[in-house]
Amino acid sequence: MSENTSMHGFWKSRWLFILAATGSAVGLGNIWKFPYITGENGGGAFVLVYLLCICIIGIPVMIAEVSLGRMGRQSPINTMKALAKRSNASPNWAIIGWMGALAGFLILSFYSVIAGWALSYTVDMANGDFVKISAEESGNIFGALLGSPTQLTIWHTVFMLLTIGIVARGVNAGLENAIKFLMPVLFILLFILFGYALSSDGFSQGVNFMFSFDFSKLTTESIMVALGHAFFTLSLGLGAIMAYGAYMPANTSIAKTVVIVAFLDTAVAIMAGLAIFPIVFANGLEPSAGPGLLFQTLPIAFGQMSAGVIFGTLFFVLVSFAAWSSAISLAEPIVAWIVERFQVSRYKAAAIIGLSAWVLGLATVFSFNIWSDVKLFDKTPFDLLDFLTTNILLPLGGLCIAIFAGWKVSTTKMMDEVGIDYPVLFKLWLFTLRFLAPLAIIAVLVNGLI
Ligand code: TRP
């Protein structure tokens, strides 16, 4: 059984854990990234592989990650140290915590820059800058934002301050309060926009694009992207959800809770796709537009709608809120560790991490303008950070978590912790964790890298 103390506090109820974990999971990954990588990877077949990755790998690993967190009740680094000791495993397993803290830090640095785009667009939308604009003008607005290090840095700064401000206040006064407000608003906004897409001309074409399976479009690269994204969107593999698990009440079933979170996250991604692609098709735009899809293509459509200023503003508020509740979970593992390790206040720990991630974020800022020609392995600093974390560090972290939870922690302890009521289901989960998930991750990683 888990220990029952966490120096950082607890979620006040199971629902608050669900909201917090969903808040972490639902973010830029769902609304910005999922639609554009689906577009780049040809639609339906990619969506199918992604869904398989969520079910076969994502959910089992997520159950494991939350369980480890609740068993350890500390920051992921110290949780892994403690659990390795308790299980008589090598102290080197703490690498899961270290790698995760690093990945969280790296992701936070670029996440904040992209979230800054959403903040900037919220203001532009409300200003009416997109009313009746052409595709070319929209491209120019996006280009002007990306081309301006000053603009990008200003919004990156604002977003980082918002994030760190919440993390600094701690689990209850910060995270919990923010999430109680952000998540309901987010769901309401999503429903409004989805309703709009449903009534648009391109709806059936959008559905078609997302759900017709053309396997000829599937490459090894896209399978790797699908797996990486499954981890990214569920906030898996870096300890974020482990840290949240550490604050979970002792008597709730982790398995059931995780299934709800994974379902909500997937539902939001699909809904975001179904809200965006119809608009793309109805306006004769390209689904494969890449990272600009959300920022370049959608505003054109909002510009043509009768209440476009309102819907467009709401939309970017939604994106900003989703990003905000995710970013706090990227910072949480390492901030919690600093508090434990150096006995400093959360304010100090959050400020240190925020400032460092802000500085590193400038590399992403410059990737879109003055450093756009600086390339390593054919990737800009931003692309490199994204690839390294999402496609390598997260799957690797997930692999280690699966192996540690599956093979190193005693099965009886695991059974106590995860809360899977049926022995058959528990066995199935354990089998997946021990064999299926690790093999699948290794296969995809090896294949993708060579
Ligand atoms: N899941 C978030 C998204 O989809 C991003 C995120 C937050 C994340 N915390 C994480 C990704 C931890 C990986 C690990 O936008």
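The values are calculated or read from the model by the stated rules, or taken from the named source; none is laboratory data. This structure is a prediction, so every number in the text was calculated from the model and none was measured. For neighbour counting, all protein chains shown are included, and Cβ atoms are generated from backbone atoms with ideal geometry for every residue, glycine included. Surface accessibility is based on the protein's heavy atoms, side chains included, excluding ligands, DNA and RNA. Shrake-Rupley method; radii C 1.70, N 1.55, O 1.52, S 1.80 Å.
So, in segment 83-94, exactly how many residues are of a type outside the set (Ser, Thr, Tyr) and surrounded by fewer than 17 Cβ atoms within 10 Å (Cβ to Cβ)? Number of matching residues: 6. Against the condition away from the ligand (no atom under 13 Å from the Cβ) and open to solvent by 20 Å² or more (accessible area, probe 1.4 Å), how does ILE56 come out, does it pass? Answer is yes for this residue. For segment 316-337, a residue qualifies if it is away from the ligand (no atom under 12 Å from the Cβ), of a type in the set (A, V, I, L, M) and open to solvent by less than 10 Å² (accessible area, probe 1.4 Å), and the qualifying residues are LEU318, VAL335, ALA336.
Looking at segment 160-176, can you tell me whether even one residue there is over 20 Å from the mean Cα position of the chain (by Cα), free of Cβ contacts under 8 Å to residues at least 12 places away in the same chain, in a helix (DSSP H, G or I) and away from the ligand (no atom under 13 Å from the Cβ)? Yes, segment 160-176 contains a residue that is over 20 Å from the mean Cα position of the chain (by Cα), free of Cβ contacts under 8 Å to residues at least 12 places away in the same chain, in a helix (DSSP H, G or I) and away from the ligand (no atom under 13 Å from the Cβ). For the condition closer than 27 Å to LEU384 by Cβ and within 16 Å of the ligand (Cβ to nearest atom), ILE241 qualifies. Taking LEU355, is it free of Cβ contacts under 8 Å to residues at least 60 places away in the same chain, farther than 24 Å from ILE96 by Cβ and away from the ligand (no atom under 16 Å from the Cβ)? Against the criterion (free of Cβ contacts under 8 Å to residues at least 60 places away in the same chain, farther than 24 Å from ILE96 by Cβ and away from the ligand (no atom under 16 Å from the Cβ)), LEU355 qualifies.
If the condition is being assigned to a helix (DSSP H, G or I) and more than 10 Å from PHE404 (Cα to Cα), then segment 80-98 contributes LYS81, ALA82, LYS85, ARG86, PRO91, ASN92, ALA94, ILE95, GLY97, TRP98.
Of all residues in segment 1-38, those that are open to solvent by 10 Å² or more (accessible area, probe 1.4 Å) and either touching a Phe, Trp or Tyr at 6+ places or on another chain (Cβ under 6 Å) or away from the ligand (no atom under 16 Å from the Cβ) (or both) total 15. Of all residue pairs spaced 6 or more apart or on separate chains, those with beta-carbon atoms under 6 Å, a first member in segment 16-34 that is over 15 Å from SER320 (Cβ atoms) and a second member that is near the ligand (Cβ under 10 Å from one of its atoms) and assigned to a helix (DSSP H, G or I) are ALA20/TYR244; ALA21/TYR244; SER24/ALA240; SER24/SER326; SER24/SER329; ALA25/ASP265; PHE34/ALA269. Being open to solvent by 10 Å² or more (accessible area, probe 1.4 Å) and in contact (Cβ under 8 Å) with a residue 60 or more places away in the chain is the filter here, so list the residues in segment 262-274 that pass it. LEU264, THR266, ILE270, MET271, LEU274, listed by residue number.
Considering (1) within 18 Å of LEU186 (Cα to Cα); (2) over 18 Å from the mean Cα position of the chain (by Cα); (3) surrounded by 24 or more Cβ atoms within 10 Å (Cβ to Cβ), the lone condition that PRO278 does not fulfil carries the number (1). Consider segment 64-79 and keep the residues that are away from the ligand (no atom under 16 Å from the Cβ) and assigned to a helix (DSSP H, G or I). The one that is most open to solvent (accessible area, probe 1.4 Å) is ASN78. Per the conditions (1) more than 24 Å from PRO91 (Cα to Cα); (2) open to solvent by less than 60 Å² (accessible area, probe 1.4 Å), the sole criterion not satisfied by PRO395 is (1).
The number of residues in segment 281-291 that are in a helix (DSSP H, G or I), within 20 Å of LEU48 (Cα to Cα) and open to solvent by 10 Å² or more (accessible area, probe 1.4 Å) comes to 0.
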